[in-house]
Amino acid sequence: MAAPQIFSIDQQKKELRDLMAEKRRNAPAHAEADLLERIFKTVQTYDAPSVAAVWPLPGEIDLRPLCSRLAGDRRRVALPETTPKGTPLVFREWSEETPMLAGRFGTSHPDGPILIPDLVLVPFLAFDRKGFRLGYGGGYYDRTLAQLNVPAIGFGFAFQEMKSIPVGPYDIPLSVVVTEKETIQTGPYNLEG
């Protein structure tokens, strides 16, 4: 009996992914600058010497200016290398001088050493106030967060908020969600780290 319910959740997530990806493409330009500022201020509340961010794909929120700012704030920045499906992400250290390599699914990652982050910035297509997120469907961040057990800050725009996200058995909630308008405490890690 569990299989039809899981299929139903998967179908709900797929439909929601399509809708939210389209909405994100139409986000106002100023919202991204406001979001990056709020993420930076939120990261500053954590005692996290190393922070995992994301190198953007076309149409995604561009954290590259934030990566530079975090490095200037004396934090080590890590970016994910997309591993084979079914495995957690591997994070590699980034600096402005580090060459980027082509990865799986059109991603890029630094040609740097593996770095285990103290804090992870997590993208999403949608979120709810319980800290659940709708990702891209590979389960990479859920597996990674389960393995790392560190604070996770989800980031996106306020219009990506949903009343409720369909939740599967392996979905890991975020500690905090940051939008261009607010910072929402959702999980076990305090904003002070």
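The values are calculated or read from the model by the stated rules, or taken from the named source; none is laboratory data. Treat the numbers as computed from the prediction; the structure is a model and nothing was measured. Ideal geometry is used to build each Cβ from the backbone, glycine not excepted, and the neighbour counts take in all protein chains shown. Protein only, heavy atoms only, side chains kept; ligands, DNA and RNA dropped before computing areas. Shrake-Rupley method; radii C 1.70, N 1.55, O 1.52, S 1.80 Å.
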Check your understanding: How many Å² of accessible area per residue for the chain, probe 1.4 Å?
Key -> 51
Exercise for review: Tell me the label-point distance for the pair LEU16, GLN44, using the 7 Å Cα-to-Cβ offset, in nm and rounded to one decimal.
Suggested key: 3.3
**Study point:** Listed residue (LEU125, MET162, GLY138) projecting farthest to the positive dipole end of region 40-172, Cβ model
**Key:** MET162
Review point. Hey, any idea what % of region 98-145's accessible area is carbon plus sulfur with a 1.4 Å probe?
Key: 60
Review point. In deg cm²/dmol, rounded to 500, what helix-only [θ] at 222 nm does the chain give when every DSSP H run of at least 4 residues adds -39500 (n - 2.57) and the total is split over its residues?
Key: -10000 deg cm²/dmol
Check your understanding: What order do ASP118, ASP111 take when sorted by accessible area (1.4 Å probe), most exposed first?
Key -> ASP111, ASP118
Revision key, fill the gap. A correct Karplus calculation of ³J(HN,Hα) over region 152-157, with 6.51 cos²θ - 1.76 cosθ + 1.60, θ = phi - 60°, whole Hz and x for Gly and Pro, returns 10, 9, x, 9, x, 9
**Study point:** Amide N proximity, region 43-59 versus GLN185 label position 7 Å along Cα-to-Cβ, cut-off under 19 Å
**Key:** 43-48
Check your understanding: Out of (i) 117, 59, 27; (ii) 51, 35, 32; (iii) 64, 34, 33, which label holds the value of Cα extents along the principal axes in Å that was computed here?
Key -> (ii)
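Compactness ratio of region 137-176: Cα Rg over 2.2 N^0.38 Å, N = residue count? Walk me through the numbers on the way to the answer.
Details: Rg = 11.0 Å, N = 40, 2.2 N^0.38 = 8.9 Å.
Normalised Cα radius of gyration, region 137-176: 1.23.
Sort region 114-193 into rounded, prolate or oblate with this rule: let a ≥ b ≥ c be the square roots of the eigenvalues of the Cα gyration tensor; rounded if a/c is under 1.5, and if a/c is not under 1.5, prolate when a/b is larger than b/c, oblate otherwise. Walk me through the numbers on the way to the answer.
On the way: a/c = 1.64, a/b = 1.17, b/c = 1.40.
Judged from the Cα gyration tensor, region 114-193 comes out oblate (a/c at least 1.5, b/c at or above a/b).
Could you tell me which of rounded, prolate or oblate describes region 27-113, using a ≥ b ≥ c as the square roots of the eigenvalues of the alpha-carbon gyration tensor, with rounded for a/c under 1.5 and, failing that, prolate when a/b is larger than b/c and oblate otherwise? Kindly include the intermediate steps, with their values, before the conclusion.
Details: a/c = 1.78, a/b = 1.26, b/c = 1.41.
Taking the square roots of the gyration eigenvalues as a ≥ b ≥ c, region 27-113 is oblate.
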Study note, to complete from the structure: region 30-68 and region 105-152 have their Cα centres apart by a whole-number Å value of 13
Revision key, fill the gap. The helix 2-25 Cα axis meets the longest alpha-carbon principal axis of the chain at an angle in degrees, between 0 and 90 and rounded to 10, of 50
Point to revise | Antiparallel DSSP beta bridges within the chain, percent to nearest 5 | key: 50
